1. I'm trying to understand the selection: among the residues of the stretch 1-26, which are assigned to a helix (DSSP H, G or I) and open to solvent by less than 60 Å² (accessible area, probe 1.4 Å)?
2. Among the residues of the stretch 46-77, which ones are assigned to a helix (DSSP H, G or I), of a type in the set (Asp, Glu) and farther than 18 Å from ARG35 by Cβ?
3. Any idea which of (1) open to solvent by 90 Å² or more (accessible area, probe 1.4 Å); (2) in contact with a helix residue (DSSP H, G or I) (Cβ under 6 Å, 6 or more places away or on another chain); (3) modelled with pLDDT under 95; (4) not hydroxyl-bearing (Ser, Thr, Tyr) is the one ASP29 doesn't satisfy?
4. Output the number of residues of the stretch 27-39 satisfying the condition of being of a type in the set (A, V, I, L, M) and not in a helix (DSSP H, G or I).
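The values are calculated or read from the model by the stated rules, or taken from the named source; none is laboratory data. Computed from a predicted structure; not experimentally measured. We place every Cβ from the backbone using ideal geometry, glycine too, and count neighbours over all the protein chains shown. What goes into the accessible areas is simple: the full protein's heavy atoms, side chains included, and nothing from ligands, DNA or RNA. Shrake-Rupley method; radii C 1.70, N 1.55, O 1.52, S 1.80 Å.
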Amino acid sequence: EAQYTRYAAVVEELFRAALAHEPDPPEVDLAALSRFTVAAVDGLIEQYEARHDAEQSRVDLATAIRAAALLAGVAAP
């Protein structure tokens, strides 16, 4: 529990730092977004370990990034 709590806290710190540079940052529950991001990355790692498909992992990571951006209310890269 402590490990995942810390993962989410670090991700939340990164999101806060990134949004600090936005002139009009979106209102978003950063704690929830951070937990979602940690869960998504954790799941992608598990899938890669099961399949060892680097190309599929790249596609899936790009999808997770777009989903997180949409949840955050910012333009997806």
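1. ALA8, ALA9, VAL10, VAL11, GLU12, PHE15, ALA17, ALA18, LEU19
2. Listed by number, the residues that qualify are GLU49, GLU55, ASP60.
3. Of everything listed in (1) open to solvent by 90 Å² or more (accessible area, probe 1.4 Å); (2) in contact with a helix residue (DSSP H, G or I) (Cβ under 6 Å, 6 or more places away or on another chain); (3) modelled with pLDDT under 95; (4) not hydroxyl-bearing (Ser, Thr, Tyr), ASP29 misses just condition (2).
4. 1
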